[in-house]
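Read-outs: derived from the displayed coordinates by stated rules, not from any lab. Since the model is a prediction, treat every value here as computed from it, not as a measurement. Every residue, glycine as well, gets a Cβ built from its backbone with ideal geometry; the counts of neighbours run over all protein chains shown.
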Amino acid sequence: MRPVRSLVVVMAACAVMLAGACGGDDGDSKTSGAKTVTVQAANGAVKVPADPKRIVSLSPTHTETLFAIGAGPQVVAVDDYSNFPANAPRTKLSGFKPNAEAIIAYKPDLVVLSDDLNGIVKALEKVKVPVLLEPAATKLDEAYDEINDLGLATGHAEEAKKVVDGMRAEIAKTVAASSKAKGLTYYHELDNQFHSVTSKTFVGQVYGMFGLRNIADAADKASGGYPQLSREYLLKQDPDLIFLADTKCCGQNAAAVAKRPGWPELDAVKNNGVVELDDDVASRWGPRLPEFAKAIGDAVQKVQ
């Protein structure tokens, strides 16, 4: 599986292993004369500076969130996959193979990440660098909670609440406008090797809000949430909608799908039901979730 697609799988796996209570309190305390706030993250109750000035993000989703809530000017470095927004200070730092020394070189007063790989959390805690571990969300409420966590941790609690309220409203409006989608089947493509997602995954749950039926569910023999489907299985299932989340990583589009052996006969191909998604928007659980929901809603409207 290609690196971009692996991001989705790794995040989902870590979400299961690292799931913990989120949220926090807004009570300030004195530690060495500096104001702090306590945030409840997956790595426990973490005391962070009340107004951090040098934030490092090792998660593309959290990078998006930090900028969306107004904490962008406080971010001094982000990982190599954090490609949005364009003005994020992208570096060679890796979220998959994090290096404590490389991170410390940026003199962070807060590090935000979604995966505790290579023991990075303990390594940073040993040198007294505050770390917030906010794993891949498994449901919408967790995504919203993590945005509020970052708002509290960065001094932008009010802005974070506004972002969450806006997301809730936009998604609810989109779903309400697509209430007749129940019964329609879909296939979500992660790469051109036919890896997909099931309804158990975060992405699958977003589709579930529309009442869509996932053809990958029955094929997930290992119950991992990310089965690889066969061409024969896909052709037999004949989904009403095909969502391509591999337009960037694998150069897929409606025209390419129509050239696959047997695919021109699929209902989704014949009825203009092939939807080209932005890979990143479709794999992250941050502020651009309403865009993903809207793409689904628009597709549903076309085939109703």
Practice prompt. Measure out, as a whole number of angstrom, how far apart the alpha-carbon centroids of segment 92-113 and segment 150-165 sit.
Written response: 23
Practice prompt. With a Förster radius of 25 Å, plug the Cβ-Cβ distance of R213 and E291 into 1/(1 + (r/R0)^6) and report the FRET value to the nearest 0.05.
Written response: 0.65
Discussion item. What distance in nm separates the two pseudo spin-label positions at K97 and N118, each 7 Å out from Cα along the beta-carbon direction?
Written reply: 0.7
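I'd like to compare 120-132, 65-77: which one has the highest average count of other Cβ atoms within 10 Å, and what's the full order after that?
Values: 120-132: 17.5, 65-77: 21.7.
Ranked from most to least packed, the peptides come out as 65-77, 120-132.
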Worksheet item: What residues from segment 270-304 fall in the zone where the backbone N is under 19 Å from a label point 7 Å along the Cα-to-C-beta line of A86?
Response: 278-281, 288
Discussion item. Give me the extension gain from R231 to Q205: residue separation times 0.36 nm, minus the current Cα-Cα distance, reported in nm with one decimal.
Written reply: 6.9 nm
Item to complete: Name the long-range amide H neighbours of L241: under 5 Å, sequence gap of 5 or more, or other chain; modelled H, no Pro or chain starts.
Response: T185, Y186, Y187
Item to complete: Give me the angle, in degrees from 0 to 90, between the Cα long axis of helix 289-303 and the longest principal axis of the Cα atoms of the chain, rounded to the nearest 10.
Response: 10
Fill in: Likely footprinting exposure, R231, R90, R288, fewest C-beta neighbours within 10 Å first
R231, R90, R288
Worksheet, complete the sentence: Semi-axes a, b, c in Å (a largest) for the chain, each sqrt of 5 times a Cα gyration tensor eigenvalue, come to 37, 20, 16
Response to the item:
Helix-only [θ] at 222 nm, the chain, -39500 (n - 2.57) per DSSP H run of 4+, per residue, nearest 500, equals -10500 deg cm²/dmol
Worksheet item: Where in segment 165-180 does the label zone of N271 land, with the point 7 angstrom along Cα→C-beta and an amide N cut-off under 19 Å?
Response: 177-180
Worksheet item: Taking Cα atoms, how many degrees apart are the long axis of helix 3-18 and the longest axis of the chain, rounded to 10 and kept between 0 and 90?
Response: 60
Worksheet item: Could you give me the ³J(HN,Hα) list for segment 69-81, computed from phi with Karplus coefficients 6.51, -1.76, 1.60 and θ = phi - 60°, whole Hz, x at Gly and Pro?
Response: 8, x, 8, x, x, 8, 8, 9, 7, 10, 6, 5, 9
